[in-house]
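A.B. asks: One structure, pasted below without further comment.
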Amino acid sequence: MKFVLLLALVQSQLPPEQFQLLKLDHSVKPAESSEGAIGNVTSLAVAKDGSVFTAEEKPARVLQYDRTGTFIRTVMRSGEGPGETRAPRIVIHSDTLYVLDPALGRLSRLTLNGKIVDERPVPVRSLASMFWVADDGSVVVTSFPLPAPWDGIALRLRKQGKVDTILWKHPRSEDRMLEFAGPTFVLKGRFPFSPPGAIAFDLAGRLILGGTKRSSWVIIDGRDTVGHFSSPDVPIPIAPHVRDSVWDAVYARLKARAGGWPHFDDVVRKDAFPTTLPAWMTINVDPAGRWWIGRSNSRGQLGSWDIVERGRITKRVTVPASVTTGLDGEIVAFGQGTIALLHADQDGIPWIGVYRVP
């Protein structure tokens with residue numbers, strides 16, 4: 001029997017000195033008409049020296065900027081040949097840039113100056129796939145379709161070429177998801193105050209799994225639960241004027257999508273909209289192995305992180321500005337002592353802030 005490590009937190013509040021603000025180190029704001037202008041970003045990666053890589057679609061490409069925010073080079077261009085990409089997702093591990101392209105079913109490894117180390121086929125074609133790199137160099141990729149009766153599946157691609165399958169159970173009932181169901185359609189997903197579940201893999205390649213209804217996670221290695229972490233949930237009411245404002249925006253967007261359906265108001269009702277903030281929104285693991293648990297602000301956006309080290313929340317870090325949300329959630333990358341966040345200015349123009357972790 002495997003040794004079971006129990007990590008439990010009983011503190012409900014952090015001392016004021018443990019609340020921290022990120023400090024802007026530099027920003028990436030190329031001119032709109034320049035070669036390095038930021039486009040439709042799908043993921044970010046940060047190198048040890050503070051330089052930033054972006055993965056983009058339409059057009060597909062991978063770009064690199066130095067630690068001052070200056071554009072350096074186009075690392076990968078749109079295409080299907082060697083060194084090209086159609087739908088890139090990126091991660092930096094050690095001194096290697098990993099590029100997963102589910103559209104091509106290919107994983108590429110590059111040096112940080114853009115030279116290809118190798119490329120290998122991967123049995124993943126879903127554009128919804130996410131990936132992580134473990135300390136041993138193996139790559140974990142979420143996969144589809146889901147085999148019954150499992151709720152999740154991932155593939156662990158070993159450096160030696162072996163592929164392991166990771167399966168887990170996670171019923172949607174554990175997530176705080178907002179759903180409007182009618183006789184012919186269902187609207188559900190990433191609505192404000194109702195984030196769907198998020199998963200992560202730690203540096204050992206173990207699954208971190210939890211539902212957004214409560215602040216509780218398990219660590220799964222293979223088919224064994226080897227750890228647990230939880231923190232107290234204190235329901236925080238949403239201010240009525242904030243709830244009303246957000247609901248009006250959600251209602252207008254959904255009604256426009258419904259296209260004049262006559263029973264819309266019978267199905268999309270305000271009484272189904274949350275009155276309290278969600279327990280948590282996101283979870284990430286940084287290069288030091290710390291967990292970053294994302295908490296909501298008053299408008300249902302990512303507002304702060306609780307940093308978990310050795311089974312304790314050691315500090316809370318406030319998000320400096322709203323973070324742009326993509327297919328896989330907020331577009332954030334954790335580097336060595338830095339965080340890169342994708343923002344948008346008041347005109348909707350994307351820019352990247354690289355912040356120092358206190």
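A.B. asks: Could you list, in sequence order, all residues of region 190-248 that are surrounded by fewer than 15 Cβ atoms within 10 Å (Cβ to Cβ), touching a strand residue (DSSP E or B) at 6+ places or on another chain (Cβ under 8 Å) and farther than 30 Å from Arg158 by Cβ?
C.D. replies: Arg190, Pro235, Ile236, Pro237 - these are the residues of region 190-248 that are surrounded by fewer than 15 Cβ atoms within 10 Å (Cβ to Cβ), touching a strand residue (DSSP E or B) at 6+ places or on another chain (Cβ under 8 Å) and farther than 30 Å from Arg158 by Cβ.
A.B. asks: Please name all residue pairs, on different chains or six or more residues apart, with Cβ atoms under 6 Å, provided the first residue is in region 309-337 and is at positive phi and the second residue is surrounded by 14 or more Cβ atoms within 10 Å (Cβ to Cβ).
C.D. replies: Every condition considered, the pairs that remain are Gly311/Leu7; Gly329/Thr282; Gly337/Val357.
A.B. asks: Given the structure, is Pro123 over 23 Å from Ile352 (Cβ atoms) and either surrounded by fewer than 14 Cβ atoms within 10 Å (Cβ to Cβ) or among the β-branched types (Val, Ile, Thr) (or both)?
C.D. replies: Numbers: over 23 Å from Ile352 (Cβ atoms): yes; either surrounded by fewer than 14 Cβ atoms within 10 Å (Cβ to Cβ) or among the β-branched types (Val, Ile, Thr) (or both): yes.
So Pro123 fits the description; yes.
A.B. asks: Related question: Which condition breaks for Gly289 when tested against (1) buried (at least 18 other Cβ atoms within 10 Å of the Cβ); (2) on the phi > 0 side of the Ramachandran plot?
C.D. replies: (1)
A.B. asks: Identify the residue in region 262-272 that is part of a helix (DSSP H, G or I) and out of contact with any strand residue (DSSP E or B) (no Cβ under 7 Å at 6 or more places or on another chain) and, among all such residues, is farthest from Leu22 (Cα to Cα).
C.D. replies: Here is the first cut: in region 262-272, the ones part of a helix (DSSP H, G or I) are 264-267, 270-272.
Retained after the next criterion (residues that are out of contact with any strand residue (DSSP E or B) (no Cβ under 7 Å at 6 or more places or on another chain)): 264-266, 270-271.
Working: Phe264: 43, Asp265: 43, Asp266: 45, Lys270: 36, Asp271: 37 Å.
Among those that are part of a helix (DSSP H, G or I) and out of contact with any strand residue (DSSP E or B) (no Cβ under 7 Å at 6 or more places or on another chain), it is Asp266.
A.B. asks: When Ile92 is evaluated against the numbered criteria (1) in contact (Cβ under 8 Å) with a residue 60 or more places away in the chain; (2) farther than 22 Å from Asn284 by Cβ, which criterion, by number, is the only one it fails?
C.D. replies: For Ile92, the exception is condition (2).
A.B. asks: How do the pairs read when you match residues in region 238-250 that are within 14 Å of Asp271 (Cβ to Cβ) and assigned to a helix (DSSP H, G or I) with residues anywhere that are modelled with pLDDT of 95 or more and of a type outside the set (Phe, Trp, Tyr), using Cβ under 7 Å and keeping only pairs 6 or more apart or on different chains?
C.D. replies: Listed pairs, sorted by first residue: Arg243/Thr275.
A.B. asks: Would you mind stating whether Asp136 is modelled with pLDDT of 90 or more and exposed (fewer than 13 other Cβ atoms within 10 Å of the Cβ)? Lay out the reasoning, then the answer.
C.D. replies: Numbers: modelled with pLDDT of 90 or more: yes; exposed (fewer than 13 other Cβ atoms within 10 Å of the Cβ): yes.
Considered against the rule, which asks whether it is modelled with pLDDT of 90 or more and exposed (fewer than 13 other Cβ atoms within 10 Å of the Cβ), Asp136 comes out as yes.
A.B. asks: Quick one: in region 255-280, which of the residues that are in contact with a helix residue (DSSP H, G or I) (Cβ under 8 Å, 6 or more places away or on another chain) and among the aliphatic types (A, V, I, L, M) is nearest to Pro195 (Cα to Cα)?
C.D. replies: Val268
A.B. asks: Could you check region 160-180 and list, in sequence order, the residues that are surrounded by 11 or more Cβ atoms within 10 Å (Cβ to Cβ) and either of a type outside the set (D, E, K, R) or assigned to a loop (DSSP other than H, G, I, E, B) (or both)?
C.D. replies: Residues of region 160-180 surrounded by 11 or more Cβ atoms within 10 Å (Cβ to Cβ): 163-170, 172, 174-180.
Val163, Thr165, Ile166, Leu167, Trp168, Lys169, His170, Asp175, Arg176, Met177, Leu178, Phe180 - these are the residues of region 160-180 that are surrounded by 11 or more Cβ atoms within 10 Å (Cβ to Cβ) and either of a type outside the set (D, E, K, R) or assigned to a loop (DSSP other than H, G, I, E, B) (or both).
A.B. asks: Looking at region 272-293, which of the residues that are within 13 Å of the chain's Cα centre (by Cα) and among the β-branched types (Val, Ile, Thr) is farthest from Ala200 (Cα to Cα)?
C.D. replies: Within region 272-293, the match that is farthest from Ala200 (Cα to Cα) is Ile293.
A.B. asks: Output the residue which, of all residues in region 51-67 that are charged (D, E, K, R) and in a strand (DSSP E or B), is nearest to Glu84 (Cα to Cα). It would help to see each step written out before you state the result.
C.D. replies: To start, the set of residues in region 51-67 that are charged (D, E, K, R) comprises 56-58, 61, 66-67.
Filter once more, keeping what is in a strand (DSSP E or B): 56-57, 61.
Values: Glu56: 12, Glu57: 12, Arg61: 8 Å.
Among those residues, the one meeting the criterion is Arg61.
A.B. asks: Continuing with the same structure: Hey, among Ile199, Ile166, Ile219, Ile153, which residue is at pLDDT 90 or above and closer than 18 Å to Gly311 by Cβ? Before you say what the answer is, go through the steps one by one.
C.D. replies: Details: Ile199 fails: closer than 18 Å to Gly311 by Cβ; Ile166 fails: closer than 18 Å to Gly311 by Cβ; Ile153 fails: closer than 18 Å to Gly311 by Cβ.
Residue meeting the stated conditions: Ile219.
Conditions tested, residue by residue: (1) part of a strand (DSSP E or B); (2) more than 24 Å from the chain's Cα centre (by Cα); (3) surrounded by 15 or more Cβ atoms within 10 Å (Cβ to Cβ).
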site	(1), (2), (3)
Val75	yes, no, yes
Glu80	no, yes, no
Val91	yes, no, yes
Leu100	yes, no, yes
Leu104	no, no, yes
Ser129	no, no, yes
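A.B. asks: Okay, moving on. State which residue pairs qualify: first residue in contact (Cβ under 8 Å) with a residue 40 or more places away in the chain and under 8 Å from Pro195 (Cα atoms) and inside region 171-184, second residue among the basic types (Lys, Arg) and not in a strand (DSSP E or B) in any location, beta carbons under 8 Å apart, and separation of 6 or more residues or different chains.
C.D. replies: Pairs that qualify, where the first residue is in contact (Cβ under 8 Å) with a residue 40 or more places away in the chain and under 8 Å from Pro195 (Cα atoms) and the partner is among the basic types (Lys, Arg) and not in a strand (DSSP E or B), are Arg176/Lys213.
A.B. asks: Just for strands (runs of 3 or more DSSP E) wholly inside region 273-358: which have at least 1 residues that are over 21 Å from Ser245 (Cα atoms) and touching a Ser or Thr at 6+ places or on another chain (Cβ under 6 Å)? Before you say what the answer is, go through the steps one by one.
C.D. replies: Details: elements: 282-285, 291-296, 302-309, 312-318, 332-334, 338-344, 350-356.
Passing ranges, in order: 291-296, 302-309, 312-318, 338-344, 350-356.
The values are calculated or read from the model by the stated rules, or taken from the named source; none is laboratory data. Quick caveat: nothing in here was measured; it's all calculated off a predicted structure. Cβ: placed from backbone, ideal geometry, glycine included. Neighbour counts: every protein chain shown.
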